Every structure is written in C-alpha cells, then in structure tokens.
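What follows is a set of notes on a single structure, which appears directly below.
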Amino acid sequence: MDPQSRYPATLSIDYPDRPLDRFTSFFRIIVLIPIAIVLALLPGFTGNWSNDDNSYAAGAIVFLPALLMILFRQKYPRWWFDWNLAVTKFGTRVGAYFALLRDEYPSTDEDQAVHITIDYPDAQRDLNRWLPLVKWFLAIPHYVVLFFLTIAALACIIIAWFAILFTGRYPRPLFDFVVGVTRWSLRVTVYAFILTTDRYPPFSLS
C-alpha cells in the first residue's frame, strides 16, 4: 500500500488457521471475566466491553487533556500517546478474544496476534488546533453506520461460536467481517478521541 494512502491507524489480526479451543470458546463469556475486570479497573475506564470495539478503550484513553494541550499548546505529549496506544491495543486484544477471533488469553502487554499501529503526530505540523473541538461531532455518520455494523458483527460472532463448537474453525468470511468492523471502529476512535490525526476516517472495512 502507498504510504501516502495508508490511514495513520491500522489493524490486522492473524487468522487462526488451526482448530480453535472448543472448551474455552464455549465458556468464553466466563473465562473472559478476569481480564475484563482488569480492563475495567484502568483509570477512568467507563466502556462496555461487551459492546463494540470503539468502547473497549474509550473510557481509559487520555482525551480531554490531549484536546486541551493541542488547543492551547499545539503539543501531544509522547507519554500520553504511548498510554493511549497501549490501552487501545490491550482493549482490542480483549475484544478480539470476546469475538472468538483468537483463543490465546489476552496479554496485558504483548501484541500477540493483534497488530495495531497508530502514527505519532507532529502536533504543530499535522494537527489543526481547533479541530479536536468538533471531531466527535464530525464522526456522527460513522457512529450511525457502526451501530448497525456492530449488530451484524455480533450476529457473525454468534454464528462463528456454533461453527467453532462443531468444526473447530472460524469461518473466514465472518472473521474478515468482524475484523473489518473492528478496524473501522479503531480509525474512528483514533480520529475522534485519541486525536492523533485530522484525516477523516474512510467508510471502509478494509
């Protein structure tokens, strides 16, 4: 992909081209509880891990301080960025585990099979200081689309749950769709809440 056309936030999840663990898949909601508690205890976390991936990290990321720093100082402190990236990765790993995309238990610090990149911005050069005030509003069309896509993704997860129990495999078309919805949601989160890019997210699963 041309680096100029690549969105400054990417997500890929390795397809498990092997039999998945049927036992942990059957009891996924139960075995997820300990790591979901850890995620929920992160400072400021208010998201609902059982909903869409946009909410996995939305409560724990540094949002308002970053907005004010960009607005008044045109700076994005690197350690705030590193925190936001780490929380986003962690939340997405938990989300991928919930969605049955992988059967490795989510790590708090290792990427495992979930690969996320978010470009660190040069705030003075890359970011309009006023745009963070309205990005959440400009992203409303994405919220509407993601609402329906999330419902479809949840239906795919339920179908995949039965498929794993009977065949041990996650149907590849369903896997790609759920990953695509997660990727779309990540780009919206990066644009509207992590605030590292002014580039409007594409309406695309790819």
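Rule-based calculations on the coordinates, nothing more; no lab input. No experiment lies behind these values; they were computed from the predicted model shown. When we count neighbours, we look across all protein chains shown, and the Cβ atoms used for this are built from the backbone with ideal geometry, even at glycine.
Numbers below:
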item: Helix runs (DSSP H) in the chain reaching 20 Å along axis by Cα, Kyte-Doolittle at least -0.5; result: 78-98, 140-167, 172-189
item: Rg to Rh, two decimals, where segment 98-189 supplies the alpha carbon set and Rh follows Kirkwood; result: 1.08
item: Dipole-positive endmost among Leu42, Ile30, Ala96 within the chain (Cβ charges, Cα centre); result: Leu42
item: Where labels lie 7 Å past Cα in the beta-carbon direction, separation of Leu138 and Phe72 in nm; result: 2.3
item: Order of Ser12, Ser185 - criterion: other Cβ atoms within 10 Å of each residue's Cβ, fewest first; result: Ser12, Ser185
item: The chain: mean projected area of Cα convex hull, nm²; result: 11.0
